[in-house]
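Heads up: the structure comes next, in structure tokens.
The values are calculated or read from the model by the stated rules, or taken from the named source; none is laboratory data. For clarity, every value in this text was computed on a predicted model and none was experimentally measured. Here the Cβ is made from the backbone with ideal geometry for all residues, glycine too, and neighbour counts use every protein chain on show.
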Amino acid sequence: MPGRLKNVSETAAVLDISNIEREHVFDAFRRWGYLEADLDPLGFLRPVEVPDLQIEGKLAREARRLYCGTIGVEFMHIADPERRRWIQERMEGAQAPVDQEAALDQLIRAELFELVLQQRYLGTKRFSLEGVTALIPLVDEILAVAARQGAVELVMGMSHRGRLNVIVQVAKRAPEEVFAGFEDVDPRSVLGSGDVKYHMGATGEYVTRDGAKVHIHLVSNPSHLEAVDPVTVGRTRAKQDRVGESGKPKYLPLLVHGDAAFAGQGIVAETLNYSDLPGFTVGGTIHVIANNLIGFTTVPREAHSSRFSAQLARRQSIPIFHVNGEDVDAVIRVARMATEYRYQFGSDVVIDLIGYRRHGHSEVDDPTITQPLLYKAIKDHPPLWEIYAEDIGVEDVQTRVRAIRQEYENAQEKAAAITKKPAMRELPEYWNTYIGGRYKPEYAVDTGLPLEELHELTERLVTYPADFHIHPKVKRLLEQRAEMGNGKRAVDYGMAEALAFASLVKSGVSVRLTGQDSRRGTFNQRHSVLVDVEDEHEYVPLQNISSDQARCDIYNSTLSEAGVLGFEYGYSRDYPEALVLWEAQFGDFANVAQAVIDQFVSSGEDKWNLLSGLVLLLPHGYEGQGPEHSSARIERFLQLAARDNFQICQPSNAAQYFHLLRRQALSHWRKPLVVFTPKSMLRHPDASSPIEQFTHPRFLSVLPDLEIENATRVLLCTGKIGHELREERKNRQDGSTAIVFVDQLYPFPEAELTAELGRHSGARDIVWVQEEPANMGALFYMLPRLRHIAGERSVLSIKRSASASPSTGSAKAHAMEQKTLLALAFSPKQ
Ligand SMILES: Cc1ncc(C[n+]2csc(CCOP(=O)(O)OP(=O)(O)O)c2C)c(N)n1
Ligand SMILES: [Mg+2]
């Protein structure tokens, strides 16, 4: 026996040596092979000569065939050896066959769809897919694999390129619905609203080759490239949360990017960064770059400081599959591998589908002006179906082409008879009970709670397990909150918010709040998560309100605004029953998310008839902290306000904040809500509220001044300045100036303000007072409206001088300005 053992180890040693040599050669190709791969069908992206790969011999030939063919994969940067091995085995093992007949059919359909559009609607933009047509068999393969893994829905985000084609070939809308978009509709039906046809969302049913049904949800999308990325992922997360954690395989997000946009737009990096974060993960997003090696007129060497547009994804431990878009079988294999990898490891994956762009950026563009040689080569290049039919030896291809062409031409004829723009999508049932459009008084809901319930909620909010080692400061905070809830101390904003959230989750309304440092709160005000000082384990009182409560998820977000706001907007789109909130660290930073605010939050209903109840919490107030910690830019939101598209509020005390949050969750009028939230006033006694005010019926859009009857001067304002004005009035022992808070700026509370001004009919002056400079704040918005209701009476205004930046950088200068502002407000000449 000892002899036999010796033999075994000798053989192993021999094997090891040959294996080491093989591994050495293969590793070089695994690591660098993608640089020498044959990826560009037109050959403009030339393979790079990599010194490490200048190896001769059988092993090198074998490895080169696998790693430098029409698939080039970047995966050796992945730290986990199991994941590397997985890809290695797939790349080096036997390949499952491809259904070439089905792929050919898809290619013909996709290309002829574009052709018929081109011929029938010459001179219109459609952003043809031609050149990266293999996207269609690629998505077909993704769907086949995903369905086998249990997918029920593909949530897809993409921009203009090939979108109309995807609507027909993937979302399976009837082609006549798309053609109808090119026909003239009665312009009176869309005056001032709606969107162009290649931005609209679509839904449909895809049947995979195994006969499985996968619902397709193509997300509505603005022109702003890649802005739809976080929205798509957020929507997926909401769909997953609705069915619980076990739902992860069911909803699969797919993002189709442009090559120039993927490299250029920061929001792509923000979105990739969410992939493994507990509050944001969806168990892996599939990214496809529809890489035509051009962006409008810009070529890759002008668009990214890297060989591949996909380089950005290298910061993550995820694979990047580059594939030559004219090797259709390779494209399908990559789709299979990438999708299986996503399901195996719950990881993002990137597929870089490399092709070209057959026409100009749009079809009304002439690309020969900027890329004459490229377009000369493209002109002579046959369509992919022709190449593929020849490759796989199909002879009667022209018969198929004619039949498919006829189908589209019939559809085009049908389209001319369609008079109303087709909706192309069905909304999920959970939207049935929610309403958009103009506000109606019957939408009002009662939001007050009985004292006993407030006491019970307080009890749950301030209790933690007996063996929990609490931080002394948090202990004191909870003791104070107990006193607030029990009427021994006025309730501050932090407690008001906790009471609103607790009451909602108890009644079955989920709450999700994300933002930078939101768990504790930037201003140390929230403390939603208690951290044990001995072992850092967490206890969340809001998750321990009652045994059958709804979810309460409060997450610190990444340090991004556009991406996170987009994600939460998406989340709110698929969870209308939940209260979904995004908080800016300071309201000033919301302008980094301006595209999401403009393109989705304020205009989504107008463009796409899609509602959202998203809440934006934006700390606002002039407190001497400088130009970037003062203003949430009230003026910008007011400028975006029209046709009751959203609500813009600044609750002036804690109880108002409580009622406002509850109103947002309980009303069936689903509109985004922008809340300017306090900073120094968070714990200020003047803005705190007795617990009894939480039993009042509802939020008041205008807070009347109950201390003054028949004032001679009425100061109207919103937010912190109102408290300062009341303080100033006290110091001056002024008994004739009323100070009225406008807590809801939009929709404009005309009736309430008219009533309040009516109570002071003897007042000669009506004055709008604001902290912001003359070119900012609510001034422009309020003056014409106040003049309209003031009638004969004069409407004046007090504000800082117009300024290019929101505030001074000096705390002392701020204090002087503020003092002057208050003095002017009480000076009758102003
Ligand atoms: C944020 C943003 N900036 C600029 C544009 C204008 N624009 C529209 S398409 C385009 C080129 C996009 O190139 P690429 O991402 O490669 O997509 P392709 O059109 O080639 O498919 C540009 C610059 C835009 N729509 N969005
Ligand atoms: Mg491009």
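Among the residues of segment 220-265, count how many are within 16 Å of ligand 1 (Cβ to nearest atom) and over 29 Å from Val299 (Cα atoms).
0
Which of the helices (runs of 4 or more DSSP H) contained wholly in segment 408-520 include at least 1 residues that are within 28 Å of the chain's Cα centre (by Cα) and without any contact (Cβ under 8 Å) to a residue 60 or more places away in the chain? So that I can check it myself, show each step before the final result.
On the way: elements: 451-461, 472-485, 493-506.
Answer list for segment 408-520: 493-506.
Can you name every residue in segment 561-595 that is of a type in the set (Asp, Glu) and either in a strand (DSSP E or B) or in contact (Cβ under 8 Å) with a residue 60 or more places away in the chain (or both)? Break it down into steps so the answer makes sense when it comes.
So the first thing to find is which residues in segment 561-595 are of a type in the set (Asp, Glu), and the list is 561, 568, 574, 577, 583, 588.
Residues satisfying the conditions are Glu568, Asp574, Glu577, Glu583, Asp588.
What number goes with the only condition from (1) more than 14 Å from ligand 2 (Cβ to nearest atom); (2) outside any loop (DSSP other than H, G, I, E, B) that Leu353 does not pass?
For Leu353, the exception is condition (1).
The conditions are (1) in contact with a Leu (Cβ under 9 Å, 6 or more places away or on another chain); (2) on the phi < 0 side of the Ramachandran plot; (3) of a type in the set (D, E, K, R), and Glu226 fails exactly one of them. Which is it?
With respect to (1) in contact with a Leu (Cβ under 9 Å, 6 or more places away or on another chain); (2) on the phi < 0 side of the Ramachandran plot; (3) of a type in the set (D, E, K, R), Glu226 is out only on (2).
Please find, among Leu559, Leu614, Leu610, the residue that is over 17 Å from Thr718 (Cβ atoms), modelled with pLDDT of 95 or more and in contact with a Lys or Arg (Cβ under 7 Å, 6 or more places away or on another chain).
Working: Leu559 fails: in contact with a Lys or Arg (Cβ under 7 Å, 6 or more places away or on another chain); Leu614 fails: in contact with a Lys or Arg (Cβ under 7 Å, 6 or more places away or on another chain).
Result: Leu610 is the single residue among Leu559, Leu614, Leu610 that is over 17 Å from Thr718 (Cβ atoms), modelled with pLDDT of 95 or more and in contact with a Lys or Arg (Cβ under 7 Å, 6 or more places away or on another chain).
Quick check: is even one residue across segment 653-662 part of a loop (DSSP other than H, G, I, E, B), hydroxyl-bearing (Ser, Thr, Tyr), at pLDDT 95 or above and surrounded by 19 or more Cβ atoms within 10 Å (Cβ to Cβ)? Full working, then the answer.
Keep residues of segment 653-662 that are part of a loop (DSSP other than H, G, I, E, B), which gives 653.
Still in the list and also hydroxyl-bearing (Ser, Thr, Tyr): none.
So far as segment 653-662 goes, no, none of its residues is part of a loop (DSSP other than H, G, I, E, B), hydroxyl-bearing (Ser, Thr, Tyr), at pLDDT 95 or above and surrounded by 19 or more Cβ atoms within 10 Å (Cβ to Cβ).
Considering every residue within segment 404-418, establish whether at least one is touching a Leu at 6+ places or on another chain (Cβ under 7 Å) and small (Gly, Ala, Ser). I'd like the intermediate steps shown before the answer.
Residues of segment 404-418 touching a Leu at 6+ places or on another chain (Cβ under 7 Å): 404-405, 408.
With small (Gly, Ala, Ser) added as a condition, the list becomes none.
For segment 404-418, residues touching a Leu at 6+ places or on another chain (Cβ under 7 Å) and small (Gly, Ala, Ser): absent.
Would you check if Ile369 is part of a helix (DSSP H, G or I) and either at positive phi or away from ligand 2 (no atom under 12 Å from the Cβ) (or both)? First the steps, then the outcome.
Values: part of a helix (DSSP H, G or I): no; either at positive phi or away from ligand 2 (no atom under 12 Å from the Cβ) (or both): yes.
For Ile369, the condition - part of a helix (DSSP H, G or I) and either at positive phi or away from ligand 2 (no atom under 12 Å from the Cβ) (or both) - is not met.
What tally of residues in segment 294-327 results from selecting those that are hydrophobic (A, V, I, L, M, F, W, C), within 16 Å of ligand 1 (Cβ to nearest atom) and out of contact with any Lys or Arg (no Cβ under 6 Å at 6 or more places or on another chain)?
Taking segment 294-327 first, the residues hydrophobic (A, V, I, L, M, F, W, C) are 294, 296, 299, 303, 308, 310, 312-313, 318, 320-321, 323.
Filter again for within 16 Å of ligand 1 (Cβ to nearest atom), leaving 294, 296, 299, 303, 308, 310, 312-313.
Checking the rest, the ones that are also out of contact with any Lys or Arg (no Cβ under 6 Å at 6 or more places or on another chain) come to 296, 299, 303, 308, 310, 312-313.
The number of residues fulfilling the criteria is 7.
Check segment 241-249 and report whether any residue there is away from ligand 2 (no atom under 16 Å from the Cβ), under 27 Å from His361 (Cβ atoms) and either surrounded by fewer than 24 Cβ atoms within 10 Å (Cβ to Cβ) or modelled with pLDDT under 95 (or both). Reasoning before the result, please.
The first filter runs over segment 241-249 and keeps only residues away from ligand 2 (no atom under 16 Å from the Cβ), leaving 241-249.
After this cut, where a residue has to be under 27 Å from His361 (Cβ atoms) as well, the list is none.
No: zero hits.
Given the condition touching a strand residue (DSSP E or B) at 6+ places or on another chain (Cβ under 6 Å) and in a strand (DSSP E or B), answer yes or no: does some residue in segment 688-696 qualify?
yes
Being over 30 Å from Ala813 (Cα atoms) and out of contact with any helix residue (DSSP H, G or I) (no Cβ under 6 Å at 6 or more places or on another chain) narrows it down to one residue among Val533, Val580; which is it? It would help to see each step written out before you state the result.
Working: Val580 fails: out of contact with any helix residue (DSSP H, G or I) (no Cβ under 6 Å at 6 or more places or on another chain).
Exactly one residue qualifies, and that residue is Val533.
Under 8 Å by Cβ, and 6 or more places apart or on different chains, what pairs join a residue from segment 298-325 that is surrounded by 24 or more Cβ atoms within 10 Å (Cβ to Cβ) with one that is outside any loop (DSSP other than H, G, I, E, B) and basic (Lys, Arg)?
Partner pairs satisfying both residue conditions: Pro319/Arg83; Ile320/Arg314.
Go through the residues of segment 804-817 one by one and say whether even a single one is more than 41 Å from the chain's Cα centre (by Cα), surrounded by fewer than 17 Cβ atoms within 10 Å (Cβ to Cβ) and free of Cβ contacts under 8 Å to residues at least 60 places away in the same chain. Please lay out each step first, then the result.
Quick first cut of segment 804-817, residues more than 41 Å from the chain's Cα centre (by Cα) only: 816.
Add one more test, that the residue is surrounded by fewer than 17 Cβ atoms within 10 Å (Cβ to Cβ), and what stays is 816.
Adding the requirement that they be free of Cβ contacts under 8 Å to residues at least 60 places away in the same chain leaves 816.
Yes, that holds for at least one residue.
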